[in-house]
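Here's the structure we're looking at; comments come further down.
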Amino acid sequence: MSYGVNITDPYHLVGIYTGRILRGQNVADLPVQQATKMELVLNMKTAKSLGITFPHTLLGRADEVIE
């Protein structure tokens, strides 16, 4: 089970920052940003091998379930 930031989101933010800097914006004026989308990923294969079961409500809320 993993709950964290989407892996591609920080790369998107870097691209936005780079574009602003290349357009001439002052680096000190750029706002501090952080990823806002969090993901819940459940690995059922590993959970099964460890003897762990997840409630159906948690399975329903997961962004990705690895079989």
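The values are calculated or read from the model by the stated rules, or taken from the named source; none is laboratory data. Quick caveat, the model's predicted, so the values are computed rather than measured. Cβ coordinates were reconstructed from backbone atoms using ideal geometry, including for glycine residues, and neighbour counts include every protein chain displayed. These area figures cover heavy atoms from the full protein model, side chains too; ligands, DNA and RNA do not enter into them. Shrake-Rupley method; radii C 1.70, N 1.55, O 1.52, S 1.80 Å.
FRET efficiency for the pair residue 2 and residue 27, taken as 1/(1 + (r/R0)^6) with r the Cβ-Cβ distance and R0 = 25 Å, rounds to 0.15. Along the chain, the exposed loop sites are trypsin sites (Lys or Arg not before Pro) outside DSSP states H, G, I, E and B with at most 13 other Cβ atoms within 10 Å, and the longest stretch free of them is 38-67. The Cβ shell under 15 Å around residue 6 holds other residues with a net charge of -3, Lys and Arg each +1, Asp and Glu each -1. Considering every Cα-Cα pair within the chain, what fraction, in whole percent, is farther apart than 13 Å? The proportion of pairs with Cα distances above 13 Å equals 71 percent. If the segment from residue 16 to residue 59 were pulled out straight at 0.36 nm per residue, it would be longer than the present Cα-Cα gap by 12.1 nm.
When the accessible area of the chain is split by element with a 1.4 Å probe, what percent falls to carbon and sulfur? Here it works out to 58 percent. Residues of the chain: accessible area per residue at 1.4 Å, in Å²? Solvent-accessible surface per residue comes out at 82 Å².
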